[in-house]
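The structure under discussion appears below in the form of C-alpha cells.
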Amino acid sequence: MKQFIVVGCGRFGSSVAKTLYKMGHDVLAIDGNEETVQNISDEVTHAVQADATDEHALRSLGIWNFDVAVITIGSDIQASIMATLIVKEMGVKFVVAKAQNELHAKVLYRIGADRVVFPERDMGIRVAHNLVSNNILDYIELAPDYSIMEITALDEWIDNTLIEANIRSKYGINVMAIKHGNEINVSPTAKDVIHKGDVLVVIGHNNDLKKLER
C-alpha cells in the first residue's frame with residue numbers, strides 16, 4: 001500500500017484520488033475550496049483545505065512522508081508550478097503533475113516533476129480515434145510516434161491463428177494480448193487463434209496503426 005497526496009480536487013484530481021483510495025491506498029486530498037474538500041472527504045483517507053502554494057501549510061501536513069504527489073491544479077499555471085516545486089523540494093519521491101500545454105510541461109519537468117500528464121489532450125485523442133472507426137475501442141499515445149490500441153478483431157482475422165492472420169508483416173504491428181470474453185491472453189503465441197468478438201491489444205507506429213481504422 002502506497003501513500004498518495006493529491007493536490008487540486010477538480011474533476012480530474014478527484015477522480016484520481018477516489019480511484020487510488022478504492023484501490024486500497026492511503027490518499028490525502030488537498031484543495032483550497034472548503035466545499036470541494038467536504039464533498040470528497042468520505043471518499044479518501046483524509047481531505048484538507050489548504051493553499052497548495054503555502055510551503056508552511058504543506059510542511060505541517062508532513063508531505064515528505066508520502067510516496068507520490070499528484071499535482072492536478074487546473075487553470076492556475078503559477079500555482080501548479082509552485083506546488084510541484086514545493087512538494088519536490090520537501091522530498092516526495094515521485095511527483096506527477098498535470099499540464100495545460102507543452103510549455104507548461106517543460107517548466108514542470110525543469111523544476112523536478114517526474115511525470116507530466118495531459119488528461120484533456122489524451123482523452124481527446126482517444127475519443128477522436130473511437131469516433132473515426134467503429135472497431136477502435138481505446139487508443140493510448142506512448143510517444144509522439146508510437147501508440148497502443150485496443151481493436152475488435154477484423155473479419156479477415158477471425159478463426160485464423162496469429163501467424164495465419166499475418167498481422168505483424170501485413171500491418172507492421174505487434175499483438176500484446178488477446179481478450180476473449182473475460183479471459184485475457186497476455187503475450188499470445190503465433191499459434192493462438194483469433195475468434196469472433198475478440199479484442200486485440202496492439203502496439204506500433206502511428207502510421208501503421210492507422211491502417212487498422214475502418
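If you average the C-alpha positions of segment 187-214 and of segment 5-78 separately, how far apart do those two centres end up, in angstrom? First find each Cα centre; the distance between them is then 39 Å.
From least to most packed, judged by other beta carbons within 10 angstrom and beginning with the fewest, 2, 196 follow the order 196, 2.
Across segment 34-47, rounded Karplus estimates of 3J(HN,Hα) from the backbone phi angles (6.51 cos²θ - 1.76 cosθ + 1.60, θ = phi - 60°) give 5, 5, 4, 5, 5, 5, 9, 4, 7, 10, 9, 5, 9, 10 Hz, Gly and Pro being marked x. Here residue 183 and residue 210 are evaluated by their C-beta separation; at R0 = 35 Å the FRET efficiency comes out at 0.75. Kirkwood-type hydrodynamic radius, segment 1-44: 10.1 Å, calculated from all non-identical alpha-carbon pairs.
Treating the Cα atoms of the chain as identical point scatterers in vacuum, please give the log10 of the normalised Debye intensity I(q)/I(0) at q = 0.16, 0.18 Å⁻¹, two decimals. Result of the Debye calculation: -0.99, -1.10. Could you work out the relative contact order of the chain, using alpha carbon pairs under 8 angstrom and six or more residues apart, expressed as a whole percent? Here the relative contact order equals 13 percent. Charging the Cβ of each Asp and Glu at -1 and of each Lys and Arg at +1, and nothing else, the dipole of the chain about its Cα centre rounds to 480 debye.
From least to most packed, judged by other beta carbons within 10 angstrom and beginning with the fewest, 157, 64 follow the order 64, 157. For helix 77-89, report the angle its Cα long axis makes with the longest principal axis of the Cα atoms of the chain; keep it between 0 and 90° and round to the nearest 10°. So the inclination is approximately 80 degrees.
A cut-off of 5 Å between modelled amide H atoms, ignoring neighbours fewer than 5 places along the same chain, links residue 2 with 26. The fewest-to-most ranking of 108, 209 by surrounding Cβ atoms within 10 Å reads 209, 108. Considering only alpha-carbon pairs that sit under 8 angstrom and 6 or more positions apart, the relative contact order computed for segment 66-168 is 17 percent.
Using only alpha carbons, segment 21-79 has a radius of gyration to Kirkwood radius ratio (Rg to Rh) of 0.94.
Cα convex hull, segment 64-164: 140 Å³ per residue, rounded to a whole number. For the chain, the longest principal axis of the C-alpha atoms and the axis of helix 119-132 are separated by about 20°. To the nearest ten degrees, helix 11-22 and the longest principal axis of the Cα atoms of the chain are 80 degrees apart. Lysine pair count for the chain with Cα-Cα distance under 24 Å and sequence separation of 8 or more or different chains is 26.
Readers should treat all values here as calculations from the given coordinates under stated rules, not as data from a laboratory. The shown structure was predicted, so the numbers you read here are calculated from the model rather than taken from an experiment. Quick reminder, even Gly has a Cβ in these numbers, built from the backbone with ideal geometry, and neighbours come from all protein chains shown.
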